[in-house]
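The values are calculated or read from the model by the stated rules, or taken from the named source; none is laboratory data. A quick note: this is a predicted structure, and the numbers were derived from the prediction, not measured. Quick reminder, even Gly has a Cβ in these numbers, built from the backbone with ideal geometry, and neighbours come from all protein chains shown. These area figures cover heavy atoms from the full protein model, side chains too; ligands, DNA and RNA do not enter into them. Shrake-Rupley method; radii C 1.70, N 1.55, O 1.52, S 1.80 Å.
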Amino acid sequence: AVISTDGRRPPALPTSDVSCRSMVELMKDADPPVGEMLRSSPPVVSDDEAVAIARDTFGLDTTCRRLTAERDVNFHLVASDGREFVLKVTNPAESRDVTDLQTQALLHIEREYPALPVPRVRHALDGMPQALWRGKSGDECVVRMLSFLRGEQLHSLRRTSAQRRNLGGCLAEL
């Protein structure tokens with residue numbers, strides 16, 4: 001599957017950290033503009049289509065449950081062997097460069113900081129970290145599969161000094 005805008009595998013991130021400023025610069029020059037992407041509707045993806053993407057693109061027989069999302073469509077997948085994943089179907093209005101950056105950042109973290117508790121990218125059957133999927137609307141969407149991390153969302157937990165210390169340590173290492 002082709003994942004970058006020029007049809008080639010995107011380059012790996014440099015070993016230096018990606019700054020917030022570089023992300024802002026990338027989004028400022030996004031085509032289409034970020035405002036348009038924020039106004040666009042998420043792609044239309046049925047549960048059956050999500051299961052088919054998991055099977056045909058990533059080689060997994062799964063069941064799925066839709067997750068909440070802002071601009072994309074996300075599914076919690078459970079494979080027949082019990083492993084859990086998140087299938088992300090990116091809004092077609094989002095710049096593929098932004099999606100590539102997010103995926104490459106996760107791959108970089110996996111290579112450089114393997115102990116950090118972040119989702120891991122599952123490569124498609126063709127060996128690529130992302131693929132393109134065309135829905136019934138005709139729009140092409142980037143699809144990615146990530147490992148599912150069990151846990152509680154931070155906003156729903158009681159704040160503690162140990163929590164702040166552990167979160168700070170994790171962020172500092174990142």
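Criterion first (farther than 15 Å from Met145 by Cβ, modelled with pLDDT of 90 or more and surrounded by 13 or more Cβ atoms within 10 Å (Cβ to Cβ)) does Ile53 satisfy it?
no
Of all residues in the range 75-93, how many are over 9 Å from the mean Cα position of the chain (by Cα), modelled with pLDDT of 95 or more and open to solvent by less than 30 Å² (accessible area, probe 1.4 Å)?
Final tally of qualifying residues: 5.
Could you check how many residues of the range 131-174 are in a loop (DSSP other than H, G, I, E, B) and surrounded by 10 or more Cβ atoms within 10 Å (Cβ to Cβ)?
8
May I ask you to say which residue of Leu125, Leu101, Leu116, Leu106 is out of contact with any strand residue (DSSP E or B) (no Cβ under 8 Å at 6 or more places or on another chain) and surrounded by 16 or more Cβ atoms within 10 Å (Cβ to Cβ)?
Numbers: Leu125 fails: surrounded by 16 or more Cβ atoms within 10 Å (Cβ to Cβ); Leu116 fails: surrounded by 16 or more Cβ atoms within 10 Å (Cβ to Cβ); Leu106 fails: out of contact with any strand residue (DSSP E or B) (no Cβ under 8 Å at 6 or more places or on another chain).
Selected residue: Leu101, the only one of Leu125, Leu101, Leu116, Leu106 that is out of contact with any strand residue (DSSP E or B) (no Cβ under 8 Å at 6 or more places or on another chain) and surrounded by 16 or more Cβ atoms within 10 Å (Cβ to Cβ).
Would you check if there is a residue in the range 94-109 being part of a strand (DSSP E or B) and at pLDDT 95 or above?
Residues of the range 94-109 part of a strand (DSSP E or B): none.
So far as the range 94-109 goes, no, none of its residues is part of a strand (DSSP E or B) and at pLDDT 95 or above.
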